[in-house]
1. Just the residues that are over 14 Å from residue 71 (Cα atoms) and of a type in the set (A, V, I, L, M, F, W, C), please, taken from the range 2-16.
2. Would you check if there is a residue in the range 176-198 being under 25 Å from residue 50 (Cα atoms), out of contact with any Cys (no Cβ under 8 Å at 6 or more places or on another chain) and assigned to a helix (DSSP H, G or I)?
3. Please state which one of 195, 215, 159 is under 21 Å from residue 113 (Cβ atoms), of a type in the set (Gly, Ala, Ser) and more than 16 Å from the chain's Cα centre (by Cα).
4. Residue by residue through the range 211-236, note down the ones that are open to solvent by less than 20 Å² (accessible area, probe 1.4 Å), in a loop (DSSP other than H, G, I, E, B) and either under 24 Å from residue 252 (Cβ atoms) or without any contact (Cβ under 8 Å) to a residue 24 or more places away in the chain (or both).
5. Among the numbered criteria (1) touching an Asp or Glu at 6+ places or on another chain (Cβ under 9 Å); (2) assigned to a helix (DSSP H, G or I); (3) under 24 Å from residue 114 (Cα atoms); (4) open to solvent by 40 Å² or more (accessible area, probe 1.4 Å), which one does residue 205 miss?
Amino acid sequence: MSELFTTEHGDPRAPLVVIVHGSMDRSAAFARVQRHLEDLHVVRYDRRGYGRSVELGPPTSFDVQVEDLSHVLAERPAVIVGHSLGGVVALALGQRRPDLVRAVVAYEAPMPWQPWWPTRSVGSGSLQRKSTPEEAAEHFMRRMVGDSRWERLPERTRAARRLEGTALLADLRQVRQSDPTPYDPSAVMVPVVAAHGDESSPHHQEAARVLAELAPDSELHVVAGAGHGVHLTHPSALADLVKRGLERAEAASPAA
């Protein structure tokens, strides 16, 4: 296997939307979001080390993740939707290649390099534990979905998720140790739709507010009743944010 697993849906002539998933997630989790975007050309892919791209192994640097997203675009300008760490990847590409990124929709993109980011967040806790990648993945999943739900999963599924531990640790380290930081919000010149759920952790809400405050062409949205897993609990609300990102992109277009 040498290529990222990618799926494309909808009319190739329609506006392009690319979805970037977060840590310990995969493109399949966004299928319900995609079904609310049938009039668009939607691309989903499994990031390196996750899902059906697990055999590629973890990314060797954060730059590799940004390059992977650029490769998925294949020089096709698109609205990029990034959930959690996927939002960091999307914003980094938006800063580096504004010619390719029409707008970014970033849902709770973390900012663990900020001094106010808690040392006991799910990601920080998984990184600080002296454990194997498999144990780190299980710890992360237990914190995210709860012990009872994790233990109800088939052993085959749990084993597959543990295999993603090396990618998880790469995500957590790279986004914290990148120097300079993965992106500078004030240097992201494309339209940005920053969003968080009103039931999310305070630090995830703060990250969205800071992004909306610092990005030059940005706005903040709050999804009522949603937590961090908005794509699973409120897929239509996330799809609405995507449509808002497309509106912002079209308004910013020189041809508009």
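The values are calculated or read from the model by the stated rules, or taken from the named source; none is laboratory data. Quantities reported herein were computed from a predicted structural model and do not represent experimental measurements. Note that we place each Cβ from the backbone using ideal geometry, even for glycine, and neighbour counts take in every protein chain shown. Calculation scope for accessible area: heavy atoms of the full protein, side chains included, ligands and nucleic acids excluded. Shrake-Rupley method; radii C 1.70, N 1.55, O 1.52, S 1.80 Å.
1. If the condition is that a residue be over 14 Å from residue 71 (Cα atoms) and of a type in the set (A, V, I, L, M, F, W, C), then 14, 16 are the ones that fit.
2. Yes, that holds for at least one residue.
3. After ruling out the rest, the residue left standing is 215.
4. The answer is 215, and nothing else.
5. (4)
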